[in-house]
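**Student:** A single structure is presented below for examination.
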Amino acid sequence: MADLEAVARALVAPGKGILAADESGGTIEKRFDAIGVESTEDTRRAYRELLFTTEGAAEHISGVILFDETIRQRSSEGTPFPEVLERQGIIPGIKVDRGAKALALAPGEKVTEGLDGLRERFAEYVELGAKFAKWRAVIPIGDGIPSEYCLWVSAHALARYAALAQEAGLVPIVEPEVLMDGDHSIERAYHVTARMQHAVFTELHDQRVALEGMLLKPNMVLSGYEARERAGVEEVARATVKCLRHNVPAAVPGIVFLSGGQSDEDATAHLKAMNALGPQPWELSFSYGRALQAPAQKAWQGDPANVPAAQAAYLKRARLNGAARSAGYRAVDETR
């Protein structure tokens with residue numbers, strides 16, 4: 001347990017956060033389509049190498065979540081990607097869920113699959129160099145959903161995954177994502193997020209998961225993206241922190257927020273506003289995917305000549321989010 005806690009705390013070290021580079025094949029294909037790049041094993045490898053070899057990134061990035069394909073790939077010099085990261089002091093991790101599928105007898109709701117054979121997969125990922133893992137549950141908000149059935153089934157799966165991860169010596173990142181698609185109010189988002197977090201920690205306790213050796217990756221409490229009236233940055237920060245304080249035990253070392261489709265700037269501003277509220281029982285950090293990578297992808301566009309510009313764009317977003325950890329981020333920094 002001491003080792004798990006040490007890794008968990010290293011992942012939420014002051015001024016640092018996690019890069020989520022664990023996009024599935026379908027997701028990264030969409031990202032590449034948007035910049036006119038064909039998604040092949042080689043282009044995906046080249047793009048991930050661009051990120052993983054950015055000089056200075058380790059000052060702001062504590063860990064990287066890898067996809068199954070990526071953890072097996074090597075740099076152009078032949079070095080396994082987990083080793084590339086560790087040489088810089090960045091901790092390699094692995095996404096282990098196998099995606100959300102329709103939940104039986106629950107129209108419009110989903111459950112994440114991947115528990116079968118997970119113990120054996122964990123053993124392999126440890127051999128490949130992983131030090132932590134991630135599993136995502138998906139909770140939509142809509143007419144009459146989510147049901148209690150959906151919340152508790154997803155929470156149970158998250159807890160079973162977390163127990164298996166700790167058994168294998170890996171820090172589990174537990175990601176119960178309440179989706180912000182829709183026109184719901186921030187009050188509705190708060191209610192659903194609170195219910196989900198309560199279910200998750202009830203199940204984690206029942207599955208004997210050591211809270212000191214895990215991290216929570218939740219959504220921020222936002223108005224639905226199609227809502228007529230959207231809550232402002234300060235209201236989002238207060239609602240999100242209140243929800244966490246009511247539902248997340250202080251034994252958890254850190255909260256690493258997902259960006260969940262927010263703009264780069266909004267994700268950073270919300271993180272800064274939450275940290276500006278003062279000390280909390282846990283570190284408030286980030287585990288962003290698109291909100292860290294979008295500028296780099298736009299700058300890269302699949303051209304090796306653009307790698308320096310793409311790395312500079314990625315480094316800037318990493319630096320700004322690192323600054324938001326201590327409420328040091330300023331909107332004016334976006335233009336510098």
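Bear in mind these aren't lab numbers, they're just calculated from the coordinates by the rules spelled out. Note that the structure is a prediction, hence the values are computed from the model and not measured. FYI the Cβ positions are ideal-geometry reconstructions off the backbone, even for glycines, and counts take in every protein chain you see.
**Student:** Quick one: count up the residues across segment 213-230 that are over 21 Å from GLY289 (Cβ atoms) and assigned to a loop (DSSP other than H, G, I, E, B).
**Tutor:** Just the residues of segment 213-230 that are over 21 Å from GLY289 (Cβ atoms), to begin with: 213, 223, 226-230.
Cutting the leftovers down to assigned to a loop (DSSP other than H, G, I, E, B) gives us 223, 226-230.
Final tally of qualifying residues: 6.
**Student:** For GLY261, are the conditions met, namely being surrounded by 14 or more Cβ atoms within 10 Å (Cβ to Cβ) and farther than 30 Å from GLU5 by Cβ? First the steps, then the outcome.
**Tutor:** Details: surrounded by 14 or more Cβ atoms within 10 Å (Cβ to Cβ): yes; farther than 30 Å from GLU5 by Cβ: yes.
Answer is yes for this residue.
**Student:** Moving to a separate point now. Within segment 275-284, does at least one residue satisfy the condition of being surrounded by fewer than 24 Cβ atoms within 10 Å (Cβ to Cβ) and closer than 22 Å to THR54 by Cα?
**Tutor:** no
Listed here are the residues, each with its yes/no results for (1) touching a Gly at 6+ places or on another chain (Cβ under 6 Å); (2) touching a residue at least 24 places away in the same chain (Cβ under 8 Å); (3) farther than 29 Å from GLU127 by Cα; (4) assigned to a loop (DSSP other than H, G, I, E, B).
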position: ILE173; (1), (2), (3), (4): no, yes, no, no
position: GLY182; (1), (2), (3), (4): yes, yes, yes, yes
position: TYR190; (1), (2), (3), (4): no, yes, yes, no
position: ALA194; (1), (2), (3), (4): no, yes, yes, no
position: GLN197; (1), (2), (3), (4): no, yes, yes, no
position: THR202; (1), (2), (3), (4): no, yes, yes, no
position: ARG208; (1), (2), (3), (4): no, yes, no, yes
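**Student:** Moving to a separate point now. May I ask you to list pairs of residues, at least six apart or on different chains, whose Cβ atoms are under 7 Å apart, with the first in segment 286-312 being free of Cβ contacts under 8 Å to residues at least 12 places away in the same chain and the second being buried (at least 20 other Cβ atoms within 10 Å of the Cβ)?
**Tutor:** Close Cβ pairs satisfying both conditions: ASN306/TRP300.
**Student:** Residue check: is GLY232 farther than 25 Å from ALA165 by Cβ, of a type outside the set (S, T, N, Q) and surrounded by fewer than 24 Cβ atoms within 10 Å (Cβ to Cβ)? Step through it out loud before you land on a result.
**Tutor:** Details: farther than 25 Å from ALA165 by Cβ: yes; of a type outside the set (S, T, N, Q): yes; surrounded by fewer than 24 Cβ atoms within 10 Å (Cβ to Cβ): yes.
Criteria met by GLY232.
**Student:** A further question follows. Are there any pairs with C-beta distances below 8 angstrom linking a residue in segment 245-261 that is over 16 Å from SER285 (Cβ atoms) to a residue that is hydroxyl-bearing (Ser, Thr, Tyr), with the two at least 6 apart or on different chains, and if so which?
**Tutor:** As it stands, the answer is GLY261/TYR225, since those pairs meet every condition given.
**Student:** Something else about it: Would you confirm whether or not segment 115-124 contains a residue that is more than 17 Å from the chain's Cα centre (by Cα), surrounded by 19 or more Cβ atoms within 10 Å (Cβ to Cβ), in contact (Cβ under 8 Å) with a residue 40 or more places away in the chain and closer than 20 Å to TYR161 by Cβ?
**Tutor:** First, pick out the residues of segment 115-124 that are more than 17 Å from the chain's Cα centre (by Cα): 115-124.
Checking which are surrounded by 19 or more Cβ atoms within 10 Å (Cβ to Cβ) leaves us with 118, 122.
Next, from what is left, pick out any that are in contact (Cβ under 8 Å) with a residue 40 or more places away in the chain: 118, 122.
Okay, now just the ones that are also closer than 20 Å to TYR161 by Cβ, so 118, 122.
Within segment 115-124 (the criterion being more than 17 Å from the chain's Cα centre (by Cα), surrounded by 19 or more Cβ atoms within 10 Å (Cβ to Cβ), in contact (Cβ under 8 Å) with a residue 40 or more places away in the chain and closer than 20 Å to TYR161 by Cβ), the answer is yes, since at least one residue qualifies.
**Student:** Within segment 63-100, count every residue that is buried (at least 19 other Cβ atoms within 10 Å of the Cβ) and in contact (Cβ under 8 Å) with a residue 60 or more places away in the chain.
**Tutor:** So the answer is 9.
**Student:** Additional query: Show me the helices (runs of 4 or more DSSP H) entirely contained within segment 65-157 in which 3 or more residues are at positive phi and aromatic (Phe, Trp, Tyr). Break it down stepwise before answering.
**Tutor:** Numbers: elements: 68-71, 81-87, 118-128.
Here the list is empty.
**Student:** Okay, next question. Identify, please: which residue in segment 1-30 is surrounded by fewer than 21 Cβ atoms within 10 Å (Cβ to Cβ), assigned to a helix (DSSP H, G or I) and small (Gly, Ala, Ser) and is, among those, farthest from the chain's Cα centre (by Cα)?
**Tutor:** That would be ALA2.
**Student:** Okay, next question. Only residues that are within 23 Å of GLY260 (Cα to Cα), of a type in the set (Ser, Thr, Tyr) and either assigned to a helix (DSSP H, G or I) or in contact with a strand residue (DSSP E or B) (Cβ under 7 Å, 6 or more places away or on another chain) (or both): list them for segment 31-62, please.
**Tutor:** Once the filter is applied, which keeps residues that are within 23 Å of GLY260 (Cα to Cα), of a type in the set (Ser, Thr, Tyr) and either assigned to a helix (DSSP H, G or I) or in contact with a strand residue (DSSP E or B) (Cβ under 7 Å, 6 or more places away or on another chain) (or both), segment 31-62 yields TYR47, SER62.
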